[in-house]
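Each remark here refers to the structure printed beneath this line.
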Amino acid sequence: MLDITDVDLRENIICVRRSKGGKGRYVPLGKIALLYIQEYISEVRKYLLSIEDMGQPALFLNKHGKRLYCGSINRMIREYSRKDGMYHITTHKLRHAFALHMLRQGCDIRYIQEILGHEDLCTTQIYTTIYDGDLREKVDRYHPLEGGVHINDEQIRRLREI
């Protein structure tokens, strides 16, 4: 749950105070996220507030001007993803995807650990599980026999069981 005071637009950071583990942390905002949050605050949020709700501290509001909770966000993501033909998308899966994309782009796993708020690096490693497509690409790229050698899905599954 983020409050409007948790966002520092000058420093481009969000203070996550109430996370699942209760551990607070500062998370830098990317340029695109920053632009969307700035636009939301200046152009949208004010229209969701009624006169009696003007002191509402929540950053994200529902259509009634009240705090938007995680369950509602999950429900919206599920509904929109189903409309687009993508099933089983959740906020938790988006979190996994974020961590995996950061890792694929070369981000050190310790930075990902800090952003996700994990105390134990093993928890972060679970988020960055190697997928079969990644494994196939690495085998094709680094196998000593080079070029023309390709393993199928069944062979990959057997390798992962070893």
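The values are calculated or read from the model by the stated rules, or taken from the named source; none is laboratory data. A quick note: this is a predicted structure, and the numbers were derived from the prediction, not measured. Methodologically, a virtual Cβ is constructed for each residue, glycine included, from the backbone with ideal geometry; neighbour enumeration extends over all protein chains shown.
Note on the stretch 32-62: residues that are loosely packed, with under 11 Cβ neighbours inside 10 Å and under 22 Å from Ile89 (Cβ atoms) total 1. Tyr111: more than 15 Å from the chain's Cα centre (by Cα) and at pLDDT 85 or above, yes or no? Answer is no for this residue. How many of the residues in the stretch 115-130 are in contact with a Lys or Arg (Cβ under 9 Å, 6 or more places away or on another chain), exposed (fewer than 14 other Cβ atoms within 10 Å of the Cβ) and not in a loop (DSSP other than H, G, I, E, B)? Residues in the stretch 115-130 being in contact with a Lys or Arg (Cβ under 9 Å, 6 or more places away or on another chain), exposed (fewer than 14 other Cβ atoms within 10 Å of the Cβ) and not in a loop (DSSP other than H, G, I, E, B): 1 in total. When the stretch 44-64 is limited to residues that are modelled with pLDDT of 85 or more and among the charged types (D, E, K, R), the one that is farthest from Thr5 (Cα to Cα) turns out to be Lys63.
Counting only helices (runs of 4 or more DSSP H) that fall entirely inside the stretch 1-110 and contain at least 3 residues that are closer than 22 Å to Tyr127 by Cα and among the charged types (D, E, K, R), the qualifying elements are 91-104. Quick one: in the stretch 65-108, which of the residues that are among the hydroxyl-bearing types (Ser, Thr, Tyr) and closer than 29 Å to Ile4 by Cα is nearest to the chain's Cα centre (by Cα)? Within the stretch 65-108, the match that is nearest to the chain's Cα centre (by Cα) is Thr91. Against the list (1) out of contact with any Lys or Arg (no Cβ under 8 Å at 6 or more places or on another chain); (2) in contact (Cβ under 8 Å) with a residue 40 or more places away in the chain, the condition Met54 fails is (2). So, Cys70, is that one among the hydrophobic types (A, V, I, L, M, F, W, C), surrounded by fewer than 13 Cβ atoms within 10 Å (Cβ to Cβ) and in contact (Cβ under 8 Å) with a residue 12 or more places away in the chain or not? Considered against the rule, which asks whether it is among the hydrophobic types (A, V, I, L, M, F, W, C), surrounded by fewer than 13 Cβ atoms within 10 Å (Cβ to Cβ) and in contact (Cβ under 8 Å) with a residue 12 or more places away in the chain, Cys70 comes out as yes.
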